[in-house]
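Below is one structure, written out as structure tokens; comments come after it.
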Amino acid sequence: MRILTVLTYYRPHTSGLTIYAERLAKALARGGHSVTVLTSQFEAGLPLEEMQDEVRIRRVPVLARVSKGVIMPALGRLASRELRKHDALLLHLPQFDAAGLALRGQLWKKPTIIIYHSDLILPPGLFNRLVGFVVNLMNNLAALFTHRISSYTQDFASHSPYLKRFASKVRVISPAVELPEPAAKEAAAFAARHNTEKRHPVIAMATRFAAEKGVELLLEALPEVVARYPEAMVWFAGQYKDVLGEEAYLESLRPRIEKYQVQGQWTFLGTLSMQEMAAFYANIDLLVVPSTNSTETFGFVQIEAMMNGKPVVAADLPGVRQPVRLSGMGRVTPVGDAAALARNMLEVLAHPEQYRGDPSRLRTEFSPDTCAARHAELFEEIQGDLTKRD
């Protein structure tokens, strides 16, 4: 099957959405499908066309940026050209351009699937309200035209206003999560570089530094944790400098973070490779996901930690709470409640043996190859429906 995947940002951009899209594209290619990714040239130095791991990437020049989105005048023309050469269309939402793309799939009888990653929530302000209205309108039109919508969990699908509106088209497919096995030598070297004083417990966040990730909640919870565990430290893995639209958020928290940095209790690790992430998880005691709104709908890092036998404390958000519920490897904590976050962290740190779970089962359920096979089956189901109608 020749599959065209379209999304606003693709690798080397780093986010949960782009990582999932890359894993799925590679897995579909491994499964024998021909895969093209159509995306933005969000950095001028990126090649307009290249091959990566048997996936063809075609980038569209960007004319301008609007909030976190981009304007690509050539996208419609290139999408039409590419879609004619492909058998199926896979769209990642939220995406401003999705409506026109899904309409093409409908008119040209190309099986079309939307993977819906999160609801769109923008900062307050008149301009952002206008942007949100337009993007949500386009997303709704895209859902009308598409054949199926893929959701990570039924929990999120049952709570998202968008997915509830189009419930008859929703199919639940676990997202693609993978991580190399940690090598003992690499794990030891990682600890030697980043935990020279051999502090424990190591409490981790693995994400972009963004307001919706709830970094301030961890900072508010830390004093109680440090009171119980004076040698505790935080590792923050992920982009923390120059995060688009989040510079002011970082500056607002910098004084508190610097206090812990001076004490050797907070380390920014930056963006890590997948091999480095494996070593990272091998050395932590607890991962926290204190997200504050439904722009976070799952948290792949939870599964990564659990695959390595590490427990998680996650916010009680639709979808985000599901990895803990599925695995039993951690606790769910009320959204926005720093005191409860501290209590749940202390509970898990005090009784880690109660949260061990079955990492091997998670590796199978969330394998990119499993995810790719389920989406391929969904394309075939749609094609069967289209054939019957003809």
Which FRET efficiency value, to the nearest 0.05, is calculated for ALA192 and ASN293 with the Förster distance at 35 angstrom and r the Cβ-Cβ distance? 0.40
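Past the 31 angstrom mark, what percentage of all C-alpha to C-alpha distances in the chain do you count?
In whole percent, the long-distance tail amounts to 37.
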Angle, helix 215-228 long axis vs. longest principal axis of the chain, Cα atoms, 0 to 90°, nearest 10? 30
Alpha-carbon Rg with Dmax, taken over the stretch 291-341, Å: 10.1, 28
Compute the distance from the alpha-carbon center of the stretch 212-229 to that of the stretch 67-106, in whole Å. 42
LEU107 versus THR387, label points 7 Å from Cα toward the beta carbon: distance in nm? 2.6
With +1 assigned to the C-beta of every Lys and Arg and -1 to the C-beta of every Asp and Glu, and no other charges, what is the dipole magnitude of the chain about the Cα centre in debye, to the nearest 20? 1080
Computed over the chain: longest principal axis from alpha-carbon atoms vs helix 247-262 long axis, angle to nearest 10 degrees, is 30
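For a Förster distance of 45 Å, can you work out the FRET efficiency between the beta-carbons of ALA227 and VAL172, rounded to the nearest 0.05?
0.60
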How many nm is it between the label spots at LEU137 and ALA248, if each spot is 7 Å from the Cα in line with the beta carbon? 2.6
With a cut-off of 8 Å between alpha carbons and a minimum separation of six or more residues, what is the relative contact order of the stretch 198-278 in percent? 37
Run the dipole for the stretch 184-365 about the Cα centre, Lys and Arg Cβ at +1, Asp and Glu Cβ at -1, nothing else charged, and hand back the magnitude in debye, nearest 20. 420
D for the stretch 184-365, whole µm²/s, Stokes-Einstein with Kirkwood Rh over alpha-carbon pairs at 20 °C and 1.002 mPa s: what number? 132
Fewest to most neighbouring Cβ within 10 Å: what's the order for ARG325, ARG389, ARG171? ARG389, ARG325, ARG171
Highest average packing first - 90-101, 342-353, Cβ atoms within 10 Å: 90-101, 342-353
Pairwise centroid distance, computed over Cα atoms, of the stretch 325-390 with the stretch 140-157, Å: 18
Quick check on the chain: helices-only [θ] at 222 nm, where DSSP H runs of length 4 and up contribute -39,500 (n - 2.57) each and the sum goes over total residues. Nearest 500, please. -13500 deg cm²/dmol
Please tell me the relative contact order of the chain in percent, rounded to the nearest whole number, where contacts are Cα pairs under 8 Å and at least six residues apart. 15
Extended-chain gain in nm, criterion 0.36 nm per residue less alpha-carbon gap, GLU49 and ASN128: 25.2 nm
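Throughout, read-outs are computed from the coordinates displayed, never taken from laboratory work. None of these values were measured; they are calculated from a predicted model. Reconstructed Cβ throughout: ideal geometry from the backbone, glycine too, with neighbour counts over all protein chains shown.
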